[in-house]
Each structure stands twice: as structure tokens, then as C-alpha cells.
Amino acid sequence: MRNSETFHNPILSGFYPDPSICRVGDDYYMATSSFNYYPGIPIFHSRDLIHWEQIGHGIHRRDQLDYKNCEASLGLWAPTIRYHEGTFYLINTFVSEGREVNRDNYILTAKDPAGPWSDPVFIKGADGIDPTVFFDEDGRMWYAGNFIQKNPKYEGHHGIYLCELDPETFQFIGERKVIWDGARTASKWIEAPHLYRIGGWYYLIVAEGGTFSNHCVMMARARKVDGDYEICPRNPIVTHRHLPLAREISVTGHADIVQTQNGEWWMVLLAVRPYGDFQFNTGRETFLVPFHWEKDGWPLLDTEDGIVHSTERKPLLPEFVPAGVDPMEQEVRDSFEEKTLDLRWNTILAPKSDFYSLTEREGFLRLSLLPATLWKKDRLDRWHTEQPACVVRRQQHHTFEASARLEFCPESSKEEAGLVLLQDDRYSYLLTVGRNEEGQQVVRLAKAEDGVHSVIRELALNAEEINAKGSILLGTTCRNETYDFWYEIAEGNRKGIRVMVAEKLPAELLSSNVNEGFTGAYIGMYASSCHTDSDNHADFDWFCYAGGRI
């Protein structure tokens, strides 16, 4: 039953960029980038292309990949998900030690997209980023990826190359061939190829223009998979770069396409939803748009003006809302009753130690206090040398309220635990419980800006009241361009008196434009002994996120 004839974009809100999609019968599967967050490569399932349920991750075991030297915006870049003869394939780029240093491309396989997924098989000689795999009708398996020209004619002069893969070893067979030199179209940073065979043609989709203001989707086609690719005369086939940046939807690009069982064609792609003067904390998100094939064999968006909108017509598919998916965007509350974390939660890097537990105290998330902080103690300190004790989820709305109930007794002025809102290791807000130098218990609001830590406000707590009532509620409220921070002291789950710590702090601090990164803002729970050793811990009874209703 269809409740309406339209749906609302994005279909995955928050930091879910670089979407790739495939269909198996009546089921659709999608994967997105995750960069240096763990578990990596979130995987989703849907039957109507609108409502998506996360079912797993491609990287879900610590020993699958070594996240060492993965600074913010490095790690797991754009994946491609495909299905062929009973097996699912994920191909991905793992970037470490700098964006231009180590770029390793690998393949994962699984019989069930929910997992488990195999260990990575790295493809020798596969340089570049954002590759794809393509299975031709004759059974041959192909790899397409981007490369940087050895003698570039201009900044961002990249290209796309093709090479056959051995379907057993996933290694190159024969010579690779350049099928799109970016200079042919004066393309900058051409990347993210996807190949399809449709109506006697091999179609090649790529992203171009960088992943911010000039992002777009381009297309070419050939009669042979390794042939001479004809460039689409209407390129770019999707872009908003000719429109004002600070509009409702901006930075459209990096697309993949799918045909429904009813014959319709749909495209998933990334875009951002700016606020103010082109800031966006929710990062690059996943959008859905219909298109059709014109008589000349090239695609055209099925929208009145050829751009992506927040409201689009629904696919001609039965509505399907999976269990646990709330189409009304009501609150999501985690009481930590399970023995494993919900799939929404991430850590920064794959944990090197068991710093969190859901079993040591039943019904609580326990965080051990690690020495690492969510800011750099000096300019050389990065997350690849120390891992912070934090469990976080994506900010998915421009307006939301989030809170957590904490039980924590700091034993020194170096210990703190509470809420964190972060963009990366240089930009964050921290609302924590700690002690001052005199030993008094305090609520402290701090920020990191370009790696420099500073305290915004510190309020003394009544220690007797804290000990008697046993808990404190820490919270934040976002209203588009600002964050408020507050706390309550209450017994059990009864509501206490809200005490405002700070109001109308700039949300811009956590914008992807400010840190010039590829991720989005996260919010969650954090504990630290601030570069000292500690055996202490913090217990979180629950965490609640209510989006879109402030």
C-alpha cells in the first residue's frame, strides 16, 4: 500500500557518501564509504528503494584491515557492490599514510550481504581510487579504476583504465588500457567509474570535478568493453554546479544506477544539504533520482528541470518498511540491552583494545578511560598513534536533540567522560563530567578548533547531590546553525531541572567545509584520562537521538 506518491530525499541522511547499488530479484543492496570509522563500509537492504535498513558492514572484523596511519578522511573510500552467480562482491580503496601515498585496492566476497565477508584480496598493480568490477555476459570479469597521469597537463588530470581480472585470484590478466583520458573532456579529478551493458552498449559512468562545488556525473559508451568510448554530448548528465552553492541540495555527483524489476531506471548519488553560507555538518548524503533513456541512447533525469530535488516521485514498487526503520524520523533510543552494539554505532579506527563493554554491567555501555583525547596534544599527535575511547553515530538532521545518561566518578582532574560532537581530530565540542584542580566535580564544555583545545565554560556540581541521585543527563540541541549544551541531575529516569551550559554555539565549527574533509559530524559518548594512565571507567545507561523535530 502506498501512503503517498512522493518520497523525501535524502534516502540515507547523514554521512553516507559515494553510494553503490545492485539488485537481486526484488531486493536492493547498497554500500557507502566510511573512511576511518569502524566497522567499515555500511551495507543496506531495501525493496522499495526508499526505506533502507542497515544489515551489516563489509569490514566487520578487526583483523580484516589494519587501520594504522588512517587519519581523518583516510581509510575506506568509495566501494562498489555487485552480485554475480550467487556471490556478492565489494571492491574498495584503502588509503593510509596520506592521500597520495598508500592506495590499496581490494575485493571482498560474501554469500549473504549481511555477512560475514571474506578477508580482503589485494589486487597487485591496481593503483588509483574508487574502482569497480564488471561481469560481462561472456563470463569475463573486468576492473575499472582511476589513475593519475604521470605527465599531467593540468591539476587534476586523471583518467580511467580497464583491465581483465582472473575470477579466481582477482589479479590482473594481460595489459591494462586507458578508456577515458580526462584531457578528452578537460575533466578534473575524474574517478569512481561504473560499467554497465545496456541495449548492446557498454556504458561508463564517472564522477568529475572534485567532490565539492564542481562535482558532477559524466557518461561515455562503446560497442566493446575495451573499445573507443564515445563521450555523451550532454555531459554532465547530472550536476548542480551551475546553481548557487547555498541552495537546498548542492554538490551532486558520484552516481550508480539500477533498473527495477518493473523496468524503471533509478540513480543513487551523493549530495549535500547546506545551511547558512554553504556549511554542511551532515556530510555528503545519499539521494535517489529517476531517469530514462532518450531515443539517442543517452540518459536524462526524469525531473522537470533536470536537477535533484528533496521531493521526488516514488518508484513503482510496493512500499516496504523494514523492522527498525522509522519513516517518520522519530527518536532513536539505545538502552544498551544487547550484547553487541547496534549497527549505527562506530568507533574511530578499529579498536586496538576492548575499551568498551556491554556485558561488564548489564544494561550499560561501559567505556574505559583511555589516554587519548579528541584533540591533538601537539601538532604531531594524530589518531593513528592513539585511539580515543568513544562510541559515536552520525548527525543526520539539521535540527535534533541528543542526550545520554551517565554514571561516572572522576578520580582526578585528568579524567573526564560525557558527550562529544566531532568532525575529526581537529574540530569538536565536548560536554563532560570531570574535576577541577581543587578536586571539585564539574560539568565542562570545551571545544577543539584546528586542534587547539579550549574550555568554553565550567560549572561546579553539588557532589552530594550527584552521589545521592547517582546519575547526570548530558544533552545538546541543534537548531540548524547553532548548538546548545545542557545537563540535568535526576534520579532514575525522572526528568530533572535542565541547566544550560552554553547557548547558540556555532555549528559551523563541525562543518565539512571548515575541516576540508570527506566525513560528516558524529555525536556520541566519550571517556578519557587525558594522556595519563587510569583504571577508571564511565557507564552510560542510554543514549537518545531525536532528529527533525526541534
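The values are calculated or read from the model by the stated rules, or taken from the named source; none is laboratory data. Keep in mind that this is a model prediction, so the values were computed, not measured. Here Cβ is always computed from backbone atoms with ideal geometry, including for glycine, and neighbour counts include all displayed protein chains. To get the accessible areas, we keep the full protein, side chains included, count just its heavy atoms, and leave off ligands, DNA and RNA. Shrake-Rupley method; radii C 1.70, N 1.55, O 1.52, S 1.80 Å.
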Using per-residue counts of other Cβ atoms within 10 Å, averaged over each peptide, order 133-139, 312-318 from highest down.
312-318, 133-139
Among Gly283, Ser213, Trp298, which residue has its Cα positioned farthest towards the positive end of the charge dipole of the chain, with +1 placed on the Cβ of Lys and Arg, -1 on the Cβ of Asp and Glu, and the dipole taken about the Cα centre?
Trp298
Output ³J(HN,Hα) for the stretch 336-341: one whole-Hz value per residue in order, computed from phi by the Karplus curve 6.51 cos²θ - 1.76 cosθ + 1.60 with θ = phi - 60°, and x for Gly and Pro.
6, 8, 8, 8, 10, 6
How high is the FRET efficiency between Ser335 and Thr109 when r is their beta carbon distance and R₀ equals 51 Å, given to the nearest 0.05?
0.90
For the stretch 220-287, with only Lys/Arg (+1) and Asp/Glu (-1) charged at the beta-carbon, what is the dipole magnitude about the Cα centre, in debye rounded to 20?
120 debye
At 0.36 nm per residue, minus the direct Cα-Cα distance, what do Thr303 and Thr359 gain on full extension? Give it in nm, one decimal, please.
15.1 nm
Quick one: dipole size for the stretch 331-444, taken about the Cα centre, charges +1 on Lys/Arg Cβ and -1 on Asp/Glu Cβ, in debye to the nearest 20.
360 debye
Given that compact globular proteins tend to follow 2.2 N^0.38 Å, what is the ratio of the alpha-carbon Rg of the stretch 112-184 to that value?
1.27
Using amide H atoms built 1.01 Å from N in the peptide plane, name the residues 5+ places from Ile198, or on other chains, whose amide H lies under 5 Å from its own.
Tyr203
How much FRET efficiency would the formula 1/(1 + (r/R0)^6) give for Gln261 and Lys504, where r is the Cβ-Cβ distance and R0 is 51 Å, rounded to 0.05?
0.55
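Please give the calculated 222 nm ellipticity per residue for the chain, where each DSSP H segment of at least 4 residues contributes -39500 (n - 2.57) and the sum is spread over every residue; nearest 500 deg cm²/dmol?
Helix contribution divided over all residues of the chain: -500 deg cm²/dmol.
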Euclidean distance of C-alpha centroids, the stretch 142-206 and the stretch 250-271, integer Å
20 Å
Ordering 33-41, 148-156, 302-310 by per-residue average of other C-beta atoms within 10 angstrom, highest first, gives 33-41, 302-310, 148-156
Skip the ligands, DNA and RNA, and give the accessible area per residue of the stretch 1-156 with a 1.4 Å probe, whole Å².
37 Å²
Sort 236-248, 415-427 for me by packing, meaning the mean count of neighbouring Cβ atoms within 10 Å per residue, highest on top.
415-427, 236-248
Diffing the stretch 392-409: the Karplus 3J(HN,Hα) column from phi (6.51, -1.76, 1.60, θ = phi - 60°), in whole Hz with x for Gly and Pro, holds 9, 9, 6, 6, 10, 9, 6, 10, 6, 10, 10, 8, 9, 9, 10, 10, 7, 10
State the extension gain, in nm to one decimal, for the chain segment bounded by Asp342 and Thr532, taking 0.36 nm per residue of separation less the distance between their alpha-carbons.
65.4 nm
Can you give the net charge of the other residues whose Cβ lies under 11 Å from the Cβ of Val289, counting K and R as +1 and D and E as -1?
-1
Report the relative contact order of the chain, percent, no decimals, based on alpha-carbon pairs under 8 angstrom and at least 6 residues apart.
14 percent
Cα→Cβ-extended label distance, 7 Å offset, between Asn480 and Asp166, nm:
5.9 nm
Residues with amide H under 5 Å from that of Arg284, placed H, sequence gap 5 or more
Tyr16
Considering only protein heavy atoms and a 1.4 Å probe, what is the carbon-and-sulfur percentage of the accessible area of the stretch 286-372?
50 percent
Report, by chain and number, residues whose modeled amide H sits under 5 Å from the one on Arg435, excluding near sequence neighbours (fewer than 5 apart, same chain).
Glu415, Val442
When the convex hull of the Cα atoms of the stretch 239-369 is projected onto a plane and the area is averaged over all directions, what value comes out in nm²?
12.6 nm²
With only Lys, Arg, Asp and Glu charged, each at its Cβ (+1 for the first two, -1 for the last two), find how big the charge dipole of the chain is about the Cα centre; round to the nearest 20 debye.
780 debye
In the set (i) 78, 49, 42; (ii) 65, 61, 53; (iii) 121, 52, 41, which value of Cα extents along the principal axes in Å was calculated from the structure you see?
(i)
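Grab the Cα-Cα distance for Glu175 and Val455, subtract it from 0.36 nm times how many residues apart they are, and report the gain in nm with one decimal.
95.0 nm
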